[in-house]
Amino acid sequence: MKMIFKIAWRNIWRNKRRSIITISSIFCAVFFAVFARSFQIGVYDKMISNMVGMYTGYLQIHQDGYWEEQSLENSFIPDESLRLSLQNQSNINDYNERLESFALSASEELTKGVMVMGIQFEKEDELMDLSSKMTAGKFPSNTSNTLVLSEGLAAYYKLSIGDSLILLGQGYHGTTANGIYPIEGILKLPMPNLNDRVVLLPIETAQELYAAPGRVTSIVLQVDDPKKLNATKKELDKTIDLNKYELMDWKKLLPELVQTIQADSAGGIIILGVLYMIITFGILGTLLMMTAERMYEFGILVSIGMRKGKLILTMVIESIIMGGIGIVLGIIGITPVRYYFYLNPINLEAEAAEAIKTYGFEPVIPASLDLSIAFNHGLIVLGIVVLCSLYPIITIFRLKPVKAMKA
Amino acid sequence: MKKLLSFFIVFVFQANAQDAYQIIKQADEHLRGGSQKAVMSIEVQRPKWSRTMEIKAWSLGNDYSFILINAPARDKGTVFLKREKEIWNWQPKIEKVIKLPPSMMMQSWMGSDFTNDDLVKESSILLDYTHEIIGDTLILNRACYNIQLTPKPEAAVVWGKIKTFIDKNDFLQLGSEFYDEDGYLINKMEASEIRFFGSKILPSKMVMTPLEEEGQMTILLYKSIEYNIDIDETFFSKQNMKRLR
Amino acid sequence: MMTTVKIAWRNIWRTPMRSLIVISSIVLGIWAGIFVIAFCYGLNSQRTMNRIESAVSHIQIHHPEYEKDFDSKFTIENPITLEKTFEADPEIKSYALRSLQLGMISSPIKSNGVQIIGVNKAQEKEVTNLYKNLTKGSYFETKRKNPILIGEVLAKKLNVRLRSKVVLTFQDNENNIISGAFRVCGIFKTQFSKYDEGNVFIQNSDLHRLIQSEGYHQAAVLCYSIEQVESVLSRLENQLKGATIKDWKKVAPELAYADEVMETWLFLIMIIIMLTLIFGIINTMLMAVFERRKELGMLMAIGMNKSKVFTLILMETLFLSLVGAPTGMLLGALTIQLTSETGIDLSIVGDGLQSVGLSNIIYPIIEPKFYFLTGVLVFLFTLIAAIYPSKKALRLKPTEAIRTI
């Protein structure tokens, strides 16, 4: 057995030119397959980070049952053990507390139903980059009884900084929630339907409005490394009391996003399939030519007594070794390219870019650095190499030595 | 003979319906007739909490009413004004009169088991339903008519049917049961602690229980009621909302 | 020169295997290019069609003030004139007038905020595919009064089913509160559950009777084909002064730009495919050249000069391309023909499609110019790809070549 390996290895380097050609076709296969897939995945990752960053975050904690029925009655007071679990999680930078509910907003003559978000402004700025969305004024301080209005609302009521808005609604345990708040800032939210109906208050002010001191409806976790999300979630599942709380990741919070990505991915896989057809053909072509070139050599070996089975095995091992080299080189080769496109994503055309920006998405096509892409496609290419080796195998099998030597 | 019999049956049926209508009308007028001023408390009970509000209410028939909340402190000074089908709200903190839009009509009134819409819709008991006496019941040792209300086809009410129990002697509404169209009992209203308010006899306690949830109910307690006070339609104005005490 | 050409031609058919491989690579490259382009355009066009047929239509018309706050007092002026204009236009296939109200829907146990859409059922059927999305009940085929269609999600939330009674509450044009009882006549399910939860459909006649006014807030127009939209739009803009007229691109801009976004993607993918193809061909041809070194060396030894050898190989490649390119285009065209009728079933690769407004079957479409473009590109690239191996062939030393066993 060791003998066969030695022979295979030497065969490869015996004819450098031929081997280099073969290896390079495999190199190209891995290079381009991974290149294409990296862009596809890169776009999905970007979509996820955009949507997640807009509002939901990667992980949220609520009172058990809140997601089904999102009312103030399902708010909770975060207890010490919860805070400790969160602080002890290495993958979590910080956590944002929110109190959200509905209210009727009113000015002199008009009314409109609005969504009230009681938030910690600095922390949400870290998560959602609120400051870049402000179009006028500034954040309220943590204790001020002022609010930030979304642009659409400001336009509807024709209000500006310094004017006041009335909020009326139902508080915790049925008390009336009512108050009048001066406007300290105006911001533009990326999603048009949110932009028409959101009011932001410092969380303590919201808690006072709704008679819900210390209560929150959700805690949004600031995840450091999104790739480790699953592991983080599993760890938290163990330390948090799941009878009291529910822990939800973005997939549960944004099921439509998951569906959109799946739908897109299906189309992407078909295109990748087409690419693989071309790749397979390239590798097959190379192996075909290589076989044709070596017919004489095979003929001689068989006629001097080498068993066909051993010859086949040697050839297969040659293919696998060359495949391996090609794949490893391909992965090494594509990595800097992916890195480049990760840092400098392709920008979309001007008009398309504008349209996408209104939805809060970045108009770019980045490449993903995910290692599993390289791994998976490396394996697929190896499989293809082995598959294509069938041709030389069958040829050797059918070999008639005399005929072969005449070639 | 057949014709006479069927005529007789129809006559009785109609008479029944007429009676039922009259009975309900009388019960309604007994409770709400003319002008009145009442002091009461409303207790909202939930599995994990409860809240009691002290209220003063003025009303003129079914179409005009004021509700002023005096306790708890957080809600003190809140006023609701009802004029026919519209509801207005005044909050002392805000100092503005706001009309409740349709979206708020279906929300619960002050967290209780009554909706804003219930405050408006009570008069529809007569207009939106057909009434029929279906039997007798004994409630609190009083003989009562058991009257079934069936919504008219075009009536904008969610119920499949309502059963209401009216005391035969004093026309007190001592209970109501609200069913959906599948016959499930959804809400129940029970009255008790009958006593005299001035010259009128009325139940002083009314409990509204939604049966879908456990441990939920709203309890109305009338502390005092004055009748035929000197107010008219102009009393129920937006300007007066600020002046109520 | 002619000799070189003759030799080149004969060489191709002398070694069928080798030639076949190169021809196949070319055919595959062209086919792949055509297929991917058609697929992407098909995918996109499907998405756009779906949205147009279910919600957006080709053109929407409102009162100029209506879309600011959706105040229901801003109804369309002269609806009858509007309808006549639609009827008279040969490029307009169908139209529907709608009344819109924001309000509440209530059942015995729950209430929900909804947009109430009043439709004329016959008109609506011609414009949107709502009637196809019913999972239960019928599309207003009932003798009962006040029928209503609600989404499955909403029915569940309100705990109602077919023939249940619900109450709609909303405001009329004078801000009076109006309510009416409706019977669930049909339950629908679209790909967007948020849409299902927030919209209910009743008949215009019932809505107008309740609010005692006959106004419409929205007119939706469908043309015979999407290419006619532009001309219909400009005609309507001339004929209907004092109304806001928007085409589907303005109503749903994300659809308009989907094409452009996709084109960027397509460009990227095509580059990758072409590069893969080129390298594949280079490799194959390199192998071919070295396989023939004895033969080529022989030619050079008997006097064929280097530039002729170069031309020979290039010419061979040219012929191979000339055979391959049309074949590739033909194959591509056939595939598109076939699949554009039967469609490509994507459920083999993914399930999330229906929820985002796509049926699982994609019908590829392609503009004729792309056939030509792809063919020419692959042709050119093949020739370019052949240069390197041809150059390598020149480096062969005739004496060495002959000596190789």
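The values are calculated or read from the model by the stated rules, or taken from the named source; none is laboratory data. In this text the structure is predicted, and so the values were computed from the model without any measurement. Heads up, the Cβs are rebuilt from the backbone with ideal geometry, glycines too, and the neighbour counts pull from every protein chain shown. Heavy atoms of the whole protein, side chains included, go into the accessibility calculation; ligands, DNA and RNA do not. Shrake-Rupley method; radii C 1.70, N 1.55, O 1.52, S 1.80 Å.
Say whether the condition of being touching a Leu at 6+ places or on another chain (Cβ under 7 Å), open to solvent by less than 20 Å² (accessible area, probe 1.4 Å) and in a loop (DSSP other than H, G, I, E, B) is met by at least one residue in region A:305-319.
no
Could you look through region C:127-163, keep only residues that are in contact with a Lys or Arg (Cβ under 7 Å, 6 or more places away or on another chain) and hydroxyl-bearing (Ser, Thr, Tyr), and pick out the one that is surrounded by the most Cβ atoms within 10 Å (Cβ to Cβ)?
That would be C:139.
Applying the selection to region A:183-197, what residues are part of a loop (DSSP other than H, G, I, E, B), more than 14 Å from chain B (Cβ to nearest Cβ) and surrounded by fewer than 20 Cβ atoms within 10 Å (Cβ to Cβ)?
A:188, A:190, A:191, A:196
So if I check each of A:373, A:334, A:356, A:327, which one is touching a Gly at 6+ places or on another chain (Cβ under 7 Å) and surrounded by 19 or more Cβ atoms within 10 Å (Cβ to Cβ)?
Just one listed residue meets the conditions, A:327.
So in region C:384-398, with the set limited to residues that are within 20 Å of residue C:26 (Cβ to Cβ), away from chain A (no Cβ under 14 Å) and surrounded by 15 or more Cβ atoms within 10 Å (Cβ to Cβ), which one is modelled with the lowest pLDDT?
Only one residue fits best here, namely C:390.
Return the total of residues in region A:38-83 being in contact with a Pro (Cβ under 9 Å, 6 or more places away or on another chain) and of a type outside the set (Ser, Thr, Tyr).
Residues in region A:38-83 being in contact with a Pro (Cβ under 9 Å, 6 or more places away or on another chain) and of a type outside the set (Ser, Thr, Tyr): 11 in total.
Looking at region C:193-217 only, could you name the residues that are away from every other protein chain (no Cβ under 11 Å) and over 39 Å from the mean Cα position of the chain (by Cα)?
C:211, C:212, C:213
Mind checking which residues of region B:167-176 are open to solvent by 30 Å² or more (accessible area, probe 1.4 Å) and hydrophobic (A, V, I, L, M, F, W, C)?
Of everything in region B:167-176, just one residue is open to solvent by 30 Å² or more (accessible area, probe 1.4 Å) and hydrophobic (A, V, I, L, M, F, W, C), namely B:171.
Residue C:68 - would you say it is in a helix (DSSP H, G or I) and assigned by TED's automatic domain parsing to the domain that holds residue C:130?
Answer is yes for this residue.
Give, as residue ranges, the helices (runs of 4 or more DSSP H) completely inside region C:169-272 that count at least 3 residues that are outside the structural domain of residue C:130 (by TED's automatic domain parsing) and surrounded by fewer than 20 Cβ atoms within 10 Å (Cβ to Cβ).
Result: C:248-251.
Filter region A:10-43 down to residues that are of a type in the set (D, E, K, R) and without any contact (Cβ under 8 Å) to a residue 40 or more places away in the chain and give me whichever is nearest to the other protein chains (Cβ to nearest Cβ).
A:17
Assess whether residue C:92 counts as being touching a strand residue (DSSP E or B) at 6+ places or on another chain (Cβ under 9 Å), open to solvent by less than 40 Å² (accessible area, probe 1.4 Å), within 14 Å of chain B (Cβ to nearest Cβ) and more than 30 Å from residue C:372 (Cβ to Cβ).
Against the criterion (touching a strand residue (DSSP E or B) at 6+ places or on another chain (Cβ under 9 Å), open to solvent by less than 40 Å² (accessible area, probe 1.4 Å), within 14 Å of chain B (Cβ to nearest Cβ) and more than 30 Å from residue C:372 (Cβ to Cβ)), residue C:92 does not qualify.
Can you tell me which residues in region C:30-45 are open to solvent by 30 Å² or more (accessible area, probe 1.4 Å) and in contact with a Gly (Cβ under 9 Å, 6 or more places away or on another chain)?
C:31
Can you tell me which condition residue B:94 does not meet? The list is (1) within 14 Å of chain A (Cβ to nearest Cβ); (2) closer than 30 Å to residue B:192 by Cβ, and all the others hold.
Condition (2) is where residue B:94 drops out.
Out of region B:191-212, which residues are more than 16 Å from residue B:33 (Cα to Cα) and touching a residue at least 60 places away in the same chain (Cβ under 8 Å)?
Those that are more than 16 Å from residue B:33 (Cα to Cα) and touching a residue at least 60 places away in the same chain (Cβ under 8 Å): B:208, B:209, B:210.
I'd like to know if region A:294-301 contains one or more residues that are of a type in the set (Asp, Glu), at the interface with chain C (Cβ under 7 Å from one of its Cβ atoms) and either part of a helix (DSSP H, G or I) or out of contact with any Cys (no Cβ under 8 Å at 6 or more places or on another chain) (or both).
Scanning region A:294-301 turns up no residue that is of a type in the set (Asp, Glu), at the interface with chain C (Cβ under 7 Å from one of its Cβ atoms) and either part of a helix (DSSP H, G or I) or out of contact with any Cys (no Cβ under 8 Å at 6 or more places or on another chain) (or both).
Residue check: is residue C:190 away from chain B (no Cβ under 11 Å), within 22 Å of residue B:181 (Cα to Cα) and of a type outside the set (Phe, Trp, Tyr)?
no
Each row is one residue, and each column tells you yes or no for (1) out of contact with any Ser or Thr (no Cβ under 7 Å at 6 or more places or on another chain); (2) surrounded by fewer than 21 Cβ atoms within 10 Å (Cβ to Cβ); (3) in a helix (DSSP H, G or I).
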{"residue": "A:199", "(1), (2), (3)": "no, no, no"}
{"residue": "A:213", "(1), (2), (3)": "yes, yes, no"}
{"residue": "A:219", "(1), (2), (3)": "yes, no, no"}
{"residue": "A:238", "(1), (2), (3)": "yes, yes, yes"}
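For residues that are outside any helix (DSSP H, G or I) and without any contact (Cβ under 8 Å) to a residue 60 or more places away in the chain, tally how many sit in region A:376-399.
Counting residues in region A:376-399 that are outside any helix (DSSP H, G or I) and without any contact (Cβ under 8 Å) to a residue 60 or more places away in the chain gives 1.
Give me the residue from region C:304-328 that is of a type in the set (A, V, I, L, M) and closer than 13 Å to residue C:23 by Cβ and, out of that set, surrounded by the most Cβ atoms within 10 Å (Cβ to Cβ).
C:320
Out of C:48, C:85, which single residue is surrounded by 19 or more Cβ atoms within 10 Å (Cβ to Cβ), hydroxyl-bearing (Ser, Thr, Tyr), out of contact with any Ser or Thr (no Cβ under 6 Å at 6 or more places or on another chain) and part of a helix (DSSP H, G or I)?
On inspection, the qualifying residue turns out to be C:48.
Scan region C:104-113 residue by residue and report those that are of a type outside the set (Ser, Thr, Tyr), open to solvent by 10 Å² or more (accessible area, probe 1.4 Å) and in a strand (DSSP E or B).
If the condition is that a residue be of a type outside the set (Ser, Thr, Tyr), open to solvent by 10 Å² or more (accessible area, probe 1.4 Å) and in a strand (DSSP E or B), then C:104, C:112, C:113 are the ones that fit.
If I filter region B:153-163 for residues that are assigned to a loop (DSSP other than H, G, I, E, B) and within 14 Å of chain A (Cβ to nearest Cβ), do I get at least one hit?
Scanning region B:153-163 turns up no residue that is assigned to a loop (DSSP other than H, G, I, E, B) and within 14 Å of chain A (Cβ to nearest Cβ).
Which of (1) open to solvent by less than 10 Å² (accessible area, probe 1.4 Å); (2) of a type in the set (A, V, I, L, M, F, W, C); (3) in a strand (DSSP E or B) is the odd one out, the single condition residue A:180 does not satisfy?
(1)
Considering only strands (runs of 3 or more DSSP E) fully contained in region B:177-238, which possess at least 3 residues that are open to solvent by 80 Å² or more (accessible area, probe 1.4 Å)?
B:185-197
If a residue counts only when it is under 21 Å from the mean Cα position of the chain (by Cα), which strands (runs of 3 or more DSSP E) contained entirely in region B:70-146 have at least 3 such residues?
Answer list for region B:70-146: B:79-83, B:86-91, B:129-139.
List every residue pair whose Cβ atoms sit under 8 Å apart, with the two residues 6 or more apart in sequence or on different chains, where the first one lies in region A:169-181 and is within 18 Å of residue B:99 (Cβ to Cβ) and more than 7 Å from chain B (Cβ to nearest Cβ) and the second, anywhere, is outside any strand (DSSP E or B) and open to solvent by 10 Å² or more (accessible area, probe 1.4 Å).
A:177/A:211
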